[in-house]
Every structure is written in structure tokens, then in C-alpha cells.
1. Rounded to the nearest Å, what's the spacing between the alpha carbon centres of region 211-226 and region 94-119? Just the number, please.
2. Output wanted: per-residue J couplings in Hz (rounded whole) for region 275-288, from phi through Karplus 6.51 cos²θ - 1.76 cosθ + 1.60, θ = phi - 60°, x for Gly and Pro.
3. At Glu124 and Lys221, where each label point lies 7 Å from the Cα along Cα→Cβ, what is the point-to-point distance in nanometres?
4. Report, by chain and number, residues whose modeled amide H sits under 5 Å from the one on Val371, excluding near sequence neighbours (fewer than 5 apart, same chain).
5. Rank by packing, highest mean first: peptides 152-158, 307-313, 17-23, with packing defined as the count of other Cβ atoms within 10 Å averaged across residues.
6. With a 10 Å radius around each residue's Cβ, average the other Cβ atoms per peptide and rank 363-369, 327-333, 79-85, highest first.
7. Work out the FRET efficiency for Glu361 and Arg311 from their Cβ-Cβ distance, taking R0 = 22 Å, and round it to the nearest 0.05.
8. So for the pair Ser51, His147, with labels modelled 7 Å out along Cα→Cβ, what separation do we get in nm?
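Each value in this text was obtained by applying a stated rule to the coordinates, not by laboratory testing. Note that the coordinates shown come from a computational prediction; the quantities given were computed from them, not determined experimentally. Every residue, glycine as well, gets a Cβ built from its backbone with ideal geometry; the counts of neighbours run over all protein chains shown.
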Amino acid sequence: MKPVVVLVGRPNVGKSTLFNALTRSRQALVADLPGLTRDRQYGEGRVGGRSYLVVDTGGIVRDHDPLATLVASQTRLALAEADVVVCVVDGRDGPNPDDFLIADQIRTLNRRICLAVNKTEGVEPEVAVAEFHALGLGRPYAIAATHNRGLDELMTAVLAGFPAPTAEAPTGGMRIALAGRPNVGKSTLANALLGEERVVVSDRPGTTRDSIYIPFTRDGKDYILIDTAGVRRRSHITDPLERHSVAKTLQAVDEAQVVLLVFDAREEVSEQDVTLAGHILAQGRSLVLAVNKWEGLDSARRDWIRRELARRLPFLSFASPHFISALEGLHIGPLFPAMERAYRSGGRILPTPELNRVLREAIAATAPPMVRGRRIKPKFAHQGGKYPPRVIVHGNLVAETPDAWRRYLAQRIREHFRLEGTPVEIEFREGD
Ligand code: GDP
Ligand code: GDP
């Protein structure tokens, strides 16, 4: 699993800038989605072929009782998930009383800590960090987030000591992750999925009790449920922070081939749902939506939920919802073929001639608009990848293609190839 790196520091030291610099390429997709909250951001970064999750906490703000602030805030949630805490300070200011306060607070957390001295462009690194040894957080690293300076060195130090990713995910069954906000019924659903045929984990060679992978069989087929805290060892986990860790969910999504995103039929779609869905989409996973606690509700409610999903999560229109009751075991069976279809769709080969026929027909039905008096002319398409299917379209001015037309084309492709439960990514490339 990817290490979780949490950025802390007082306001204005450059945490968001650092977050953006570390996650640049991957965050773009998420940033485009409507309705995402920004109070606690999660992204993925890479250094030297290793990836990690990075969390921007939005800052520790000084208050009359700073400890209480820290304890109560989002920051505490993020810190609970941290493998490493990166304390960011402003190198142009010199250590500030609040920096000392924050240093004291994070030292009590029992986590690895790295100190990043930001805004040090144009200064000799040793000079820039000299005063910051006083914070007692170990060796300070000079960085300049706006100049991309020192970031690789910092992150290499941050990740030092974490075992290189060796063990590949087990084969022998589709890997499923459950995601959803607290209390929607994930643990209950996990048990319903595992059902009576559940295989005792420790009976399988190569799996230990601590494994996050729970192999099971259903209708003669093998599956692997990826455990997020609280599914299997539920009775032992008393800390709700651990049970509902966003980072753990993202790690599980990352390991999964299909994500089962669970909603509560009795609640509105929340900001948290939207944010989570955005991350799953950004990871490109195949997706099945389950609306849980469905027992006793009627078709009016079903219509309401469909509208609610379409309104808040328009970018998930490729996945249709299943109405289930985990508690009563209602409609659980059909989730399995749906997950199979979603995964197969994610891996579909899209033959070039067929893809180009779809492109031509799409243009004939609704041509892309003019830009600056000239017509956008897509000419040729081919598949550039799978999981999710990625289509590359070449042509004149295609880089200017509006988002609406991109979505339209993705929809035509999905319909033609009967893709279900997978996004289709489209990349426009100028020229032939
Ligand atoms: P946050 O409140 O800690 O998230 O800080 P921000 O990321 O919003 O940055 C605060 C200000 O510092 C912004 O104006 C940034 O452009 C600036 N800043 C961030 N990193 C650097 C840097 O490496 N050098 C300089 N000179 N300014 C920076
Ligand atoms: P998690 O936090 O997402 O893992 O949710 P849990 O599985 O712990 O369930 C939260 C609460 O919802 C528990 O009280 C469950 O009994 C209840 N619950 C789960 N599934 C259903 C369902 O299908 N119908 C109803 N009415 N309640 C459910």
C-alpha cells in the first residue's frame, strides 16, 4: 500500500503549492470535477518510481487553545492517517513561534516527521535551513515549491525506510474494494458479499490473518475483497478514525480492479460522496454503484435517488445504480455479474476500424464547433490504453475540443461498444 504523507504547517507557508507540485499530473482530472471540497485534499505523488498518497490539511491555525484546535480539526483526522508528517515552514521568515508550537504538537503523534523549509529559492540550502534546526524535527530540507526545487530530495527522504512495493496483489479472482462514507453499510455489505461460502482467510496458503486480501468464492467464481479497516477485524477496531480513514479507502481503491461505491438510500448525496467519487474516477477504476438500505422504500424514492445521483455526480453517468439491502440480503446477487461486466468493459479492446467508424458517425451526427472561425477536425482515433479504456484522437485543432463534445464522443463510444461501469478517457492530439 502507498505510504500516506500529510502536510502540516501554519497558513501561507506554501502547503497547497507543495501539494500541487507533488501531485501535478494526477490532480488535474479531479480539479475538473464540479462540487469537490477543498478543505482536506488527497492526491497521488511519485518519486523515483514510488508512489505515495499526499494529504494537504489546509493548515493548523493558532487559537487560544492551539492544542484543542489541532485535536478538533480536520488536521487531526488527516494526522491519524499519516505514515509520515511533513512539517512545512517559511524559510524567508525564520522560525516563528507557531512553528515551535506545531513542532511540539506533531512530536507527540509518534509518526515519522520530516521538516521542509520552503521558499528558499535563491538562497544556499545550508544557509536557508540553518535556523530551523532549533525546531528539533531533525534535518531540515530546503525546498522551493514554486520552483520545484528540492522536492525529489525531500520526498526521497520522506519515503526512506518504507519497503519498496514488492508483493504484487494476489491473482486468483477479481479484486473488489468497498467505498463510501461512514455508516452507509459497507461492513454489512462486505459480510453479505462474503456470504456463507466465505473462506476462512488463514486457511488459504499465502494469506495471513493480517492480510488485507480476503479471498472468497461465489457461484464457483473466485473473488478477493480488499479489506479497509473495520470490515474484517471490525470488533477489534474501536477508533472510528481508523475505521473511516479516507486514506485507507483510497489505498484499497488503488489495489482494486472494481470499486463498489455504496450510498445510503435514506440520505442525500453529500460533499463527501462527491469527493470520494472524484478520487475513484481519477484512479480510473471500474465502478458499480450500490444504493443501500433500500428495503421498504418505493419507486418514488428510487426516482429521487436517480435524480440526486445525476445532479451531484454527473461524471458517474456511466455507472447505473443497484438498489440493495445489505442488512436483508436483498439484490446482492446481481452485484457480481455487474462487477464482472464493469471489469470486462474496463479491459475491452476497441478495434481501430470500428473506433474510427464511431468517430465518423459521431461527427456526422453532431460536428465539433468552430473555434476562431475554424472547424475542429478530428481525423483518426485509436486505443491508447485500457483500465480504463483510453482513446486517442488525432486531428486539426482537436486540442481545443470543448468538454461537452469530449463527453458526447465518450458516450457514443460507450454505447457502441456496450461499455458498462467504466469511464472512457479521451485524449486529443494535434496533427495526424
Ligand atoms: P498554504 O496556506 O500553506 O497552503 O500556502 P500556499 O500554498 O497557499 O502559499 C502561500 C503563498 O506562498 C502563495 O502566494 C505562494 O505562491 C507562495 N509560495 C509557495 N511556495 C513558494 C516558494 O517556494 N517560493 C516563494 N517565493 N513563494 C512560495
Ligand atoms: P459502514 O460504516 O459503511 O461500514 O456501515 P455499517 O455496515 O457499519 O452499517 C451502519 C449502520 O447501517 C448499521 O447500523 C447497520 O446495521 C445499518 N445498515 C447496514 N445495511 C443496512 C440496510 O441494508 N438497511 C438498513 N436499514 N440498515 C442497514
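1. 43 Å
2. 4, 4, 4, x, 5, 5, 4, 4, 7, x, 6, 5, 9, 10
3. Inter-label distance under the simple model: 6.6 nm.
4. The answer is Ile376.
5. In decreasing order of mean packing, 152-158, 307-313, 17-23 become 17-23, 152-158, 307-313.
6. 79-85, 327-333, 363-369
7. Efficiency for this residue pair is about 0.15.
8. A separation of 3.1 nm, rounded to one decimal place.
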